[in-house]
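The values are calculated or read from the model by the stated rules, or taken from the named source; none is laboratory data. As the structure is a computational prediction, the values presented were derived from the model and not from experiment. Methodologically, a virtual Cβ is constructed for each residue, glycine included, from the backbone with ideal geometry; neighbour enumeration extends over all protein chains shown.
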């Protein structure tokens, strides 16, 4: 016999659905804002491209910005703050964390392929002058190694506790590096609004993690 909710349970269920919708809607709004940057604040690299090359380069920038946005989300999913656990449940957050990690990895690969395609792999920007691009290449390898080790941890014979510590440390490092990479690799972020949005996102994620750690520590006292 199906469970019949009383008025209070029904009201709480409706309230949860509203808050979930608001959180998802806010995330979609942020993602839409990130994807608009290559159009609204066009980088100089796009000025000198035409046709399919320009489309590929802009698509690469969009993939990179979407990957950066989802990386910030990934940290919040991993932290599993009290609000997110209440709204979605631990099981759903863990499931989304795994799925989101795969999506970020795919977007990172697409970003690199589309950005390099117009100029060709032979013209890789390898020098001190192009250090932001070098940070991006390091990021790609870290992200892929994290995704592969997460998916095949048992087959690789990795100890869970040690893997978890390294995985968490690399996660925080990736968020820091992605902020540096995005800030310096594209002149789109020389504009006030994109720069402010990046700083706000980075500091917001950092603050959320710190507050969650404090709350977790207090609950153990």
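The rows are residues; the columns are (1) out of contact with any helix residue (DSSP H, G or I) (no Cβ under 6 Å at 6 or more places or on another chain); (2) at pLDDT 90 or above; (3) surrounded by 15 or more Cβ atoms within 10 Å (Cβ to Cβ).
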position	(1), (2), (3)
70	no, yes, yes
107	no, yes, yes
118	no, no, yes
122	yes, no, no
129	yes, no, no
149	yes, no, yes
172	yes, no, no
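Under 8 Å between Cβ atoms, at least 6 apart or on separate chains: pull out the pairs that start in the stretch 59-75 with a residue that is without any contact (Cβ under 8 Å) to a residue 40 or more places away in the chain and at positive phi and end on any residue that is surrounded by 20 or more Cβ atoms within 10 Å (Cβ to Cβ) and not in a helix (DSSP H, G or I).
none
Return the residues of the stretch 182-200 that are within 14 Å of residue 134 (Cα to Cα) and over 13 Å from the mean Cα position of the chain (by Cα); say none if nothing qualifies.
183, 184, 185, 186, listed by residue number.
Of the residues that sit in the stretch 157-178 and are under 14 Å from the mean Cα position of the chain (by Cα) and free of Cβ contacts under 8 Å to residues at least 40 places away in the same chain, which one is nearest to residue 63 (Cα to Cα)?
Only one residue fits best here, namely 176.
Looking at the structure I just gave you, is residue 83 part of a helix (DSSP H, G or I) and within 15 Å of the chain's Cα centre (by Cα)?
no
The rows are residues; the columns are (1) assigned to a helix (DSSP H, G or I); (2) under 22 Å from residue 35 (Cα atoms); (3) modelled with pLDDT of 90 or more.
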residue	(1), (2), (3)
87	yes, no, no
100	yes, yes, yes
115	yes, yes, no
137	yes, yes, no
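For residues that are buried (at least 18 other Cβ atoms within 10 Å of the Cβ), farther than 16 Å from residue 148 by Cβ and within 16 Å of the chain's Cα centre (by Cα), tally how many sit in the stretch 86-105.
1
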